[in-house]
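A.B. asks: Right, I'll just put the structure down here and ask away after.
Computed from the coordinates by the stated procedures, all read-outs in this text should not be read as laboratory data. All values reported here derive from a predicted model rather than from experimental measurement. Neighbour counts run over all protein chains shown; Cβ positions are idealised from the backbone, glycine included.
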Amino acid sequence: MPERSATLRICSPSGVTNGVQLGTGPITVGRRAPEHDPGIVLEPDPQRWVGRSHCTLDLADGIWSVTDNASVNGTLLRHGTCTERLQGRKRLQHGDVILILGDMTSDGEPQYWELTFLDPHTTQPAPFEPPVDVLPAGPCLRYDWVAARAYRCDADGDVLITGLRPQGHQLLRYMAGRSQSGAAVACDHAELITALWGAPEEWPAHRSYTRADLAGVVRAVRLRVEADPSSPRVLETVTGIGYRLNVRLAGGRS
């Protein structure tokens with residue numbers, strides 16, 4: 001009996017749609033880079049929102065799963081009316097949609113690549129159990145992965161952060177994504193430079209990125225995030241190492 005083959009319907013942020021037969025996997029989804037060509041290429045991607053090896057689809061015992069490969073901007077998974085940030089490996093069901101940030105409007109509206117998994121033979125999953133919300137002491141940041149919105153949280157409630165530039169969003173998405181269970185997360189300078197501008201081999205000719213470039217992004221974020229940017233409490237400096245983001249766990253669901 002021939003093995004059934006699932007398909008992936010891919011819709012770009014601009015609305016262009018095409019289909020890919022998945023075969024037997026594994027299949028990496030990402031963007032082209034020097035000496036790197038993923039199985040499914042998401043392009044155009046002029047702002048490099050998509051990771052080189054953003055996520056991977058694999059088949060085991062007749063079941064397809066998707067895994068986020070520690071991507072800078074994260075991967076979302078929509079099942080029915082529930083959308084959550086993908087953490088670890090997740091089984092795919094017929095009609096599930098993988099969402100990968102592909103662009104952002106001048107007003108800060110996220111525009112996603114939508115990868116719809118089509119395999120009518122799969123079964124339905126158990127209901128999703130929402131995580132427990134954690135609110136650390138002092139002001140912190142909550143990042144809504146679905147809406148690409150950041151909120152400053154303190155004793156007076158949550159306040160939407162407006163006016164963030166794309167790199168500011170990218171910095172907060174990366175650091176919030178590195179947090180485990182709502183704990184504060186510290187990242188060193190080199191890690192954050194790579195998260196914002198990619199690996200050195202991808203940098204434009206005769207251009208390098210330094211701690212000064214990173215500090216400029218951090219200053220712009222603090223102007224929007226902090227109640228008092230001169231005394232930051234949400235995005236703090238870790239002397240000699242990098243920066244720490246105080247995070248509030250968010251379910252990230254619609």
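A.B. asks: For the chain, modelled as a GNM with alpha-carbon contacts under 10 angstrom, which of L118, L235, L99 fluctuates the most?
C.D. replies: L118
A.B. asks: Say we join alpha carbon atoms closer than 10 Å with springs in a Gaussian network model of the chain; which of P34, P229, P139 then has the biggest fluctuation?
C.D. replies: P34
A.B. asks: A further question on this structure: Looking only at GluC sites (Glu not before Pro) in DSSP loops with at most 14 other Cβ atoms within 10 Å, what is the longest site-free stretch of the chain?
C.D. replies: Answer - 36-254.
A.B. asks: Which Cα, out of G177, L245, A150, lies furthest along the positive dipole direction of the range 140-248 (beta carbon charges, K/R +1, D/E -1)?
C.D. replies: Ranked along the dipole, the leading option is A150.
A.B. asks: Here is a follow-up. Two-decimal Rg/Rh of the range 140-248 from alpha-carbon positions, Kirkwood Rh?
C.D. replies: Ratio of gyration radius to Kirkwood radius for the range 140-248: 0.96.
A.B. asks: Whole percent per 10 Å bin, from 0 to the bin with the longest distance: what is P(r) over all C-alpha pairs of the range 7-118?
C.D. replies: 15, 51, 30, 4, 0
A.B. asks: In addition: Note down the magnitude of the dipole of the chain about its Cα centre, charges +1 on Lys and Arg C-beta and -1 on Asp and Glu C-beta and zero elsewhere, to the nearest 20 debye.
C.D. replies: For the chain, the charge dipole is close to 320 debye.
A.B. asks: Using every pair of alpha-carbon atoms in the chain, split the distances into 10 Å bins beginning at 0 and state the percent of pairs per bin, rounded to integers.
C.D. replies: Taking every Cα pair in the chain, the percentages come to 7, 30, 34, 21, 8, 1, 0.
A.B. asks: Which residue fluctuates the most in the chain, going by a Gaussian network model with Cα springs under 10 Å, if the choices are R211, R31, R233?
C.D. replies: Most flexible of the set in this elastic network: R211.
A.B. asks: I'd like to know which of Q87, P46, T105 lies farthest towards the positive end of the charge dipole of the range 28-114, counting +1 on Cβ of Lys and Arg and -1 on Cβ of Asp and Glu.
C.D. replies: Q87
A.B. asks: In µm²/s, what is D for the range 38-91 at 25 °C and 0.890 mPa s, where D = kT/(6 pi eta Rh) by Stokes-Einstein and Rh is the Kirkwood radius from Cα pairs?
C.D. replies: Here the translational diffusion coefficient equals 200 µm²/s.
A.B. asks: Suppose a student asked you for the relative contact order of the chain, using Cα pairs under 8 Å spaced at least 6 residues apart; what percent would you report?
C.D. replies: It rounds to 17 percent for the chain.
A.B. asks: Would you work out the charge dipole size for the range 7-118 about its Cα centre, treating the Cβ of every Lys and Arg as +1 and the Cβ of every Asp and Glu as -1, and quote it to the nearest 20 debye?
C.D. replies: 200 debye
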